[in-house]
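The values are calculated or read from the model by the stated rules, or taken from the named source; none is laboratory data. Everything numeric here is computed off the predicted structure, so don't read it as measured data. Cβ coordinates were reconstructed from backbone atoms using ideal geometry, including for glycine residues, and neighbour counts include every protein chain displayed. These accessible areas exclude ligands, DNA and RNA; they are computed on the full protein's heavy atoms, side chains included. Shrake-Rupley method; radii C 1.70, N 1.55, O 1.52, S 1.80 Å.
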Amino acid sequence: MAIEPLVTDDFKKNMIIKKFDIAKHLLDRAIEAFFNDDVITAIHLASASEEILGKYCEYKGMERSFNILLSNAQSLNNELKYKEINDLLNETKNQLKHFRNANDDEVEILELDPYFLLVRAVINYMKIDNVPSPLIIKF
């Protein structure tokens, strides 16, 4: 399935791209990677898209998907602290992005990790723009 390019053949020295368009592009690429069994790319791009779209939601006065998950987790277990839940929800994406110490040379990726991060990004996207891309529909 073709994805609209953000950079065209007539790319000049400088260009301006709206962050929403970048996030949408990253999300479509993440979904494409997901369907091509490229788990690492799917997780990484979905995470980047989810972060941009989540901030966009906050700036528009909407609750982002991450905060919904956080509130639900806290309501299920009052003993869990924000940082613990945050770390659990973001563990895989952070492991892919960071090399924390000499013993941190492997990443455990659970089967549902790419799906879970894509859902977070799609929820944010749909809150902002309720017209899904063809790839979001396929997902």
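Some values worked out for this structure:
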{"read-out": "Filter result (within 16 Å of SER49 (Cβ to Cβ) and either hydrophobic (A, V, I, L, M, F, W, C) or open to solvent by 40 Å² or more (accessible area, probe 1.4 Å) (or both)) within region 95-122", "value": "LEU96, LYS97, TYR115, PHE116, LEU117, LEU118, VAL119, ALA121, VAL122"}
{"read-out": "Yes/no for ARG120 being basic (Lys, Arg) and assigned to a helix (DSSP H, G or I)", "value": "yes"}
{"read-out": "Region 123-139: number of residues that are open to solvent by 20 Å² or more (accessible area, probe 1.4 Å) and either outside any loop (DSSP other than H, G, I, E, B) or among the hydroxyl-bearing types (Ser, Thr, Tyr) (or both)", "value": "7"}
{"read-out": "Filter pass, VAL39 being open to solvent by less than 90 Å² (accessible area, probe 1.4 Å) and in contact with a Pro (Cβ under 6 Å, 6 or more places away or on another chain)", "value": "yes"}
{"read-out": "Check on SER75, open to solvent by 70 Å² or more (accessible area, probe 1.4 Å), in a helix (DSSP H, G or I) and either of a type in the set (Gly, Ala, Ser) or at positive phi (or both)", "value": "yes"}
